[in-house]
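Just so you know, all these numbers are worked out from the coordinates, no wet-lab data involved. Worth saying up front: this structure is predicted, and the values here are computed from it rather than measured. Positions of Cβ are generated from backbone atoms using ideal geometry, with glycine treated the same way; all protein chains shown enter the neighbour counts.
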Amino acid sequence: METQLLVFDTREEAVAALRELERDGVDASAITVMSSEPLHLEHDGSTAGAAGASRAKSRISGYGIAGGVIGATLAILLTVLTSKSVGIITGGMPIVSPWAFGIIVFEMCALGAILVTLGRMIYESGLLTRTTAESYDDAVSDGKIVVAVCLAEEGLGD
Amino acid sequence: MSESRLTDSKINSDLLAPVNKPGRGWYATVTVSALVVAAALGALVYQFSNGLGVWGINRPVFWALDITNFVFWIGISHAGTLISAILRVTGAEWRRPVTRCAEAITVFALMIGALFPIIHLGKPQLFYWMVPYPSERGLWPNFRSPLMWDFFAINTYLLGSIIYLYLPLIPDLALLRDKSSGLFRRLYGALSLGWRGTQLQWDRLERAVRVMAVIIIPVAVSVHTIVSWDFAMTIRPMWHSTMFGPYFVAGAIFSGIAALILAMAVIRRVFRLEAYLRPVHFNNLGLLLLTMSLIWFYFTFSEYLTSWYGNAPEEMSVFRSKISGPYASMFWASVICCFVIPAPILAIKRLRTIKGCMIASALVVIGMWLERFLIIVPTLVQPRLTFNWGAYRPTWVEITLTAGTFGYFVLLYALFTRLFPIIAVWEYKEGLPLGEHGEPTVVDLTDAELERA
Amino acid sequence: MSKDTQPEKPQWAMVIDLDRCTGCEACVVACRVENNIPVVGPEEAAKGRSINWIRVERYFEGEFPDVKAKFMPVLCQQCEEAPCEPVCPVYATYHTDEGLNAQVYNRCVGTRYCANNCPYTVRFFNFFDPHWDAPLEKSLNPEVSIRGRGVMEKCTFCIQRIRKGEDKAKDEGREIRDGDVVPACVQTCETKAMYFGNIADPESEVSKLSRSNRAMRLLEDLGTKPKVIYLNKGD
């Protein structure tokens, strides 16, 4: 497996190269396009393949909602079970107070959603995984567009 | 507008200049603010050694400057959310150079505000008893207390804001990583989590930021509502008001935008970012500030009209102390600072310049601090049993601590601008239209077009 | 009554006859001695920090020479539905099954929220560490703890005397009755303006007096259900 890095100065050149790679039959999953700002390649019809990975279904929102539900559930358990266990007599407001606890439930619902969204985003974007230095070039930070092509055999024109 | 083209490298060097070459003004700012913070720390040590008696609080005024500062700074922290999150959610293009300024304000203002619930305690070393954990005493915290709601709300908002600041920072951290060497390269490298800028990563980042923006808006609204409920849940006259939730949120957004305008104006000047933070940004924020000033006036007027019309004796005594009594000068000063002077400045287009916005914002910050004080102290001075009416005067310790909060904010902000670009580089570039050769130009987009975007 | 009250347990209440009160403040002094209340000194008192678990409020009506002075001893009303209880984040104040509003000094972290929510302003805070010049520390009551700085305190209906009275009744194998428990203020009042006892017992003195046509409670419309009943016909 060898990774070739192709560096382009402008978006047009990069898109042209991607189209050529597609014509040569290179599989979309072998191509990674790196840039210093989002390129929104989905607007360029025939390079949809290169951007295909990013169009794969993301579950970030779904996981966020699930995180919210988990947070809310944990909050209900925390507030109700602990206040019952404290065993203190109260005058006036009862010790298990749903309206008051609802505030805590709301906040922990949001916290759960936030943390799970972050976690899922890191997971789906492949951050924190060990990426080899071969598949990155500092030129990205100079505004260039770097296309990494990972091929089983070597040999690529252009 | 000159015809200079902003190439990619020029944008990089302009926006990374504060990080790379801070300049003398930055060092002066850091030195002065660090000195102020040191003085405040000294006052704090003095307070911890001797007890809360070194403050001016007493019976019946058990809360004063401590809680004023708490509410004020939590209020300032609503800058980031409104600007960054709401403008992201509505897709307003002019937000791009402003978002990180705003998000940074939120994080630091929250950190400062969150200090006060700890340092105002009679036994600050036991603050952790408000953390829900299975304690050896067999006790959990009382979740019915609004102070516990504060604990959850502020911590959720703080964590959420840090994450919300951090996510769009990741690509810029990668940029800094690539431009640095040695220790900084490794630090930025670790913080950027191995970001490579693949289209998959961009897609997931933008998605996550959008989701975060949607979550953080209700959290922010809830935070200052809950802070207001520290007062509204009591049965004190002029505190026990159903309007406090929305009133405080509006006031928070109001003071937050003012703080943002001031921060942006300073940054623009000090870091020579005139090409990026343009009059249109100040114009739009100025219009938002005007809107919030009108909303603030509406709430304040409603609150006082209702009290006056109801004529309940226990409310009227507090009312009179603010309108014509001992607190009248502060009260009318706050009205003048929050509404009478800023509203015309911001409403008249000729006056709504960057300088005009700065003056209005500075007045609003002062006026809102006064307003927080006036919500808290006059009510406490006059308990229901009139034999117990008291008075309050701050001591040097409280004044030093208050000054220290401003110093600390400036210090943290200055350190932030030194470590990270204060304008989100990638987000700014993303908003520029592409020129002929794929290079972004700023000359194509006039202020009018930016306004329409 | 709170839902958790056992009917057999005494429900403590106090009756203060305002028509007998002369405003002499002997109760204030007795309370301070019994409960180890610190003297804060003149400077602190001028700042409004003196601690008086019971105080005599003084109101003047009219102009000289037709001035009338009204005296009202105010102490913690031990409200059945106390506004101070739900707001304490650490449960330092809670309700006992004998109808008292208890303050646990060791739990208090000093947020002072309870004091802000008390409509009777009967809660006090220790702004500094308490101090007794020698040899006054020898007069401290060993049955009452000393509160450190940063802690809220208030009238407890002399809980230490309540416990003693209850123990005595138990030792003698009988129900508690009038005269077993006498708080320091009630004990000291020269005009016998104060009464204390079990309001759940319909035959006790406080019960009978609470049914008097002169009986009133302070700030009753707030719904706090206080346990201190004032007898006041006025004039």
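Tabulated values for the structure
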| item | result |
| --- | --- |
| 3J(HN,Hα) from dihedral phi, region B:318-333, Karplus parametrisation 6.51/-1.76/1.60, rounded to Hz, x for glycine, proline | 5, 4, 5, 5, 8, 7, 9, x, x, 9, 4, 4, 5, 5, 5, 4 |
| Hull volume in cubic angstrom per residue (convex hull over the Cα atoms of chain B) | 167 Å³ |
| Percentage relative contact order, region C:12-231, counting C-alpha pairs under 8 Å, at least six apart | 29 percent |
| Folded to 0 to 90 degrees: helix B:99-113 orientation relative to chain B principal axis, Cα | 30 degrees |
| For B:Ile118, A:Ile95, B:Ile348, B:Ile341, order by how many other beta-carbon atoms lie within 10 Å, fewest first | B:Ile348, B:Ile118, B:Ile341, A:Ile95 |
| Within region C:12-231: Cβ-based charge dipole about Cα centre, in debye rounded to nearest 20 (Lys, Arg +1; Asp, Glu -1) | 300 debye |
| Mean shadow area of the protein assembly as shown over all directions, Cα convex hull, nm² | 42.4 nm² |
| Helix axis angle, B:170-179 relative to chain B longest principal axis, alpha carbon, degrees | 50 degrees |
| Three-way shape label, region C:12-231, alpha-carbon gyration tensor, a/c 1.5 | rounded |
| Region B:387-405 versus region B:141-212: alpha-carbon centroid distance in Å | 37 Å |
| Net charge dipole size for chain B [Lys, Arg +1 and Asp, Glu -1 on Cβ; Debye, nearest 20] | 600 debye |
| Cα gyration tensor shape of region B:24-112, rounded if a/c is under 1.5, else prolate or oblate by comparing a/b with b/c | oblate |
| Options B:Ser293, B:Leu277, B:Asn311, ranked by Cα towards positive dipole end of region B:265-352, top entry (Cβ charges) | B:Leu277 |
| Value of relative contact order over region A:60-123, rounded to a whole percent, pairs C-alpha under 8 Å and six or more apart | 60 percent |
| FRET efficiency for C:Ala169 and A:Ile88, using Cβ-Cβ distance with R0 set to 30 Å, rounded to 0.05 | 0.70 |
| Relative contact order, percent, region B:274-381 [alpha-carbon distance under 8 Å, six or more residues apart] | 33 percent |
